[in-house]
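One structure is given below, encoded as structure tokens.
What follows draws every value from the coordinates through simple rules; no lab data is involved. Keep in mind the model is a prediction, meaning the values are calculated, not measured. For neighbour counting, all protein chains shown are included, and Cβ atoms are generated from backbone atoms with ideal geometry for every residue, glycine included.
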Amino acid sequence: MISMDTLTIKTENKFRSLITKQAYKKGEVICEIPTEKVVHKPNRYTVQIGRDRHTNVGKLAALNHSCDPNVILDTEHLLMYACKDIEKGEELSFFYPATEWEMDAPFICLCGASNCIHVVAGARFLPLSTLEHHFLNKHIREMMIELLENTEQLLTKMI
Ligand SMILES: [Zn+2]
């Protein structure tokens, strides 16, 4: 069991963020993703771990979104790992559409990254040309393929 002891929640003007108390190298596992309570509908504290499975993730609910993230949530293996070298004291963030298909509470991103997607609402609202630059979990890839196949069928019927 890899614990979350190295992570701490910072609250500033009611805005929460998750900070690491130690440095990580790119590719290093930071912690396991806890599956505290699995539900069938998303809310702002859950992470999607399967087609109809969303889980409360304890401390990790304080992770903010970034279009240029420094961690990856691998929901297939339930591990969070660094996708960049991370320094001690840095805020951790991940790309929400990598786990979320359709979010309960979409918002406007102001991360300032050159590849910012601006509207964070879930993977189903993003073009493939954007998604292909990101790590995507298995359930997101499967749902994307399904959406494309349905669209193709619909188009075929129209012709
Ligand atoms: Zn952004």
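Relative to its Kirkwood radius, the Cα radius of gyration of the stretch 31-135 gives an Rg/Rh of 0.93.
Only counting other Cβ atoms within 10 Å, I'd like Met144, Met80 sorted with the fewest neighbours first.
Listed from fewest to most nearby Cβ atoms, that is Met144, Met80.
Pairs of Lys residues in the stretch 1-106, spaced 8 or more positions apart or belonging to different chains, with C-alpha separations under 21 angstrom: 15 in total. Annotation: extensible slack from Leu79 through Glu132 equals 17.0 nm (criterion: 0.36 nm per residue apart, minus Cα-Cα distance).
Here the contact order of the stretch 1-117, divided by its residue count and restricted to Cα pairs under 8 Å and six or more residues apart, works out to 29 percent. Qualifying trypsin sites (Lys or Arg not before Pro) in the stretch 77-158, where qualification requires a DSSP coil assignment and no more than 16 other C-beta atoms within 10 Å, comprise Lys84, Lys88. Sparse packing (at most 13 other Cβ atoms within 10 Å of the Cβ) combined with a DSSP loop state is found for the following trypsin sites (Lys or Arg not before Pro) in the stretch 2-49: Lys14, Lys21, Lys25, Lys26, Arg44. In terms of surrounding Cβ atoms within a 10 Å radius of their Cβ, His77, His54 rank from fewest to most as His77, His54.
Does the stretch 19-77 come out rounded, prolate or oblate by the C-alpha gyration tensor, with a ≥ b ≥ c the root eigenvalues, rounded set by a/c under 1.5 and, if not, prolate when a/b is larger than b/c and oblate if not? It comes out prolate by the Cα gyration axes.
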